[in-house]
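Please read the structure below before turning to the comments.
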Amino acid sequence: MFSTGGHILPRRTILTRRQQARLLDLPTDAASLHERYTLDDFDLEQIKQRRRPHNKMGFALQLCALRYPGRLGPVPALCPAHVARFGD
(Lines give C-alpha, C1' and ligand atoms only; values in the text may rest on other atoms or scores of the structure.)
Protein backbone atom coordinates (compact mmCIF):
# COMPACT_ATOMS: atom_id res chain seq x y z
CA MET A 1 0.00 0.00 0.00
CA PHE A 2 1.14 3.48 -0.80
CA SER A 3 0.27 6.55 1.21
CA THR A 4 -0.24 9.95 -0.39
CA GLY A 5 -1.47 12.83 1.72
CA GLY A 6 -3.13 10.57 4.25
CA HIS A 7 -4.87 8.44 1.62
CA ILE A 8 -3.83 4.83 1.25
CA LEU A 9 -3.73 3.60 -2.32
CA PRO A 10 -3.80 -0.11 -3.14
CA ARG A 11 -0.75 -1.58 -4.86
CA ARG A 12 -1.35 -2.16 -8.56
CA THR A 13 -0.97 -5.67 -9.87
CA ILE A 14 0.46 -5.67 -13.37
CA LEU A 15 0.32 -9.43 -13.87
CA THR A 16 -2.06 -11.93 -12.40
CA ARG A 17 -0.60 -14.80 -10.33
CA ARG A 18 -1.18 -17.12 -13.28
CA GLN A 19 0.66 -14.78 -15.67
CA GLN A 20 3.53 -14.42 -13.21
CA ALA A 21 3.81 -18.20 -12.90
CA ARG A 22 3.78 -18.68 -16.68
CA LEU A 23 6.49 -16.09 -17.09
CA LEU A 24 8.77 -16.95 -14.15
CA ASP A 25 8.27 -20.59 -13.16
CA LEU A 26 10.88 -23.03 -14.35
CA PRO A 27 9.77 -25.42 -17.09
CA THR A 28 8.99 -29.02 -16.21
CA ASP A 29 8.47 -30.74 -19.56
CA ALA A 30 11.38 -32.20 -21.56
CA ALA A 31 10.80 -30.07 -24.68
CA SER A 32 10.92 -26.79 -22.74
CA LEU A 33 13.97 -27.90 -20.74
CA HIS A 34 15.76 -28.80 -23.97
CA GLU A 35 14.79 -25.52 -25.63
CA ARG A 36 15.82 -23.30 -22.74
CA TYR A 37 18.73 -25.12 -21.12
CA THR A 38 20.87 -26.56 -23.92
CA LEU A 39 24.43 -25.23 -23.69
CA ASP A 40 26.47 -24.34 -26.77
CA ASP A 41 30.23 -24.78 -27.31
CA PHE A 42 31.06 -21.36 -25.87
CA ASP A 43 29.04 -22.11 -22.74
CA LEU A 44 30.79 -25.44 -22.30
CA GLU A 45 34.22 -23.81 -22.60
CA GLN A 46 33.27 -21.30 -19.90
CA ILE A 47 32.04 -24.10 -17.65
CA LYS A 48 35.23 -26.15 -18.15
CA GLN A 49 37.26 -23.26 -16.71
CA ARG A 50 35.74 -23.82 -13.27
CA ARG A 51 37.87 -25.94 -10.93
CA ARG A 52 35.71 -28.55 -9.25
CA PRO A 53 32.70 -30.53 -10.49
CA HIS A 54 30.29 -28.81 -8.08
CA ASN A 55 31.56 -25.39 -9.25
CA LYS A 56 31.02 -26.43 -12.86
CA MET A 57 27.48 -27.60 -12.15
CA GLY A 58 26.66 -24.47 -10.13
CA PHE A 59 28.03 -22.20 -12.85
CA ALA A 60 26.05 -24.04 -15.53
CA LEU A 61 22.81 -23.82 -13.52
CA GLN A 62 23.30 -20.12 -12.83
CA LEU A 63 24.07 -19.49 -16.50
CA CYS A 64 20.85 -21.21 -17.52
CA ALA A 65 18.78 -19.49 -14.83
CA LEU A 66 20.03 -16.08 -15.86
CA ARG A 67 18.99 -16.77 -19.44
CA TYR A 68 15.59 -18.12 -18.50
CA PRO A 69 13.69 -16.93 -16.58
CA GLY A 70 16.29 -14.14 -16.45
CA ARG A 71 16.94 -14.15 -12.73
CA LEU A 72 18.10 -16.40 -9.96
CA GLY A 73 15.49 -17.64 -7.53
CA PRO A 74 15.32 -16.50 -3.92
CA VAL A 75 17.79 -19.22 -2.92
CA PRO A 76 19.88 -20.35 -5.93
CA ALA A 77 20.99 -23.49 -4.08
CA LEU A 78 17.39 -24.75 -4.20
CA CYS A 79 17.40 -25.58 -7.89
CA PRO A 80 14.59 -28.00 -8.77
CA ALA A 81 15.91 -31.54 -9.16
CA HIS A 82 14.38 -32.00 -12.62
CA VAL A 83 16.36 -28.99 -13.89
CA ALA A 84 19.63 -30.14 -12.27
CA ARG A 85 19.20 -33.66 -13.70
CA PHE A 86 18.37 -32.43 -17.22
CA GLY A 87 22.02 -32.53 -18.32
CA ASP A 88 22.56 -36.13 -17.22
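The values are calculated or read from the model by the stated rules, or taken from the named source; none is laboratory data. Fair warning: this is a prediction, and the values are worked out from it, not measured in the lab. Every residue, glycine as well, gets a Cβ built from its backbone with ideal geometry; the counts of neighbours run over all protein chains shown.
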Legend entry - Residue list for the stretch 35-70, restricted to those being touching a residue at least 40 places away in the same chain (Cβ under 8 Å) and not in a loop (DSSP other than H, G, I, E, B): Tyr37
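Condition check ((1) among the aromatic types (Phe, Trp, Tyr); (2) surrounded by fewer than 10 Cβ atoms within 10 Å (Cβ to Cβ); (3) modelled with pLDDT of 90 or more; (4) in contact with a helix residue (DSSP H, G or I) (Cβ under 9 Å, 6 or more places away or on another chain)) across all residues:
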residue	(1), (2), (3), (4)
Pro10	no, yes, no, no
Leu23	no, no, no, no
Leu26	no, no, no, yes
Gly58	no, no, no, no
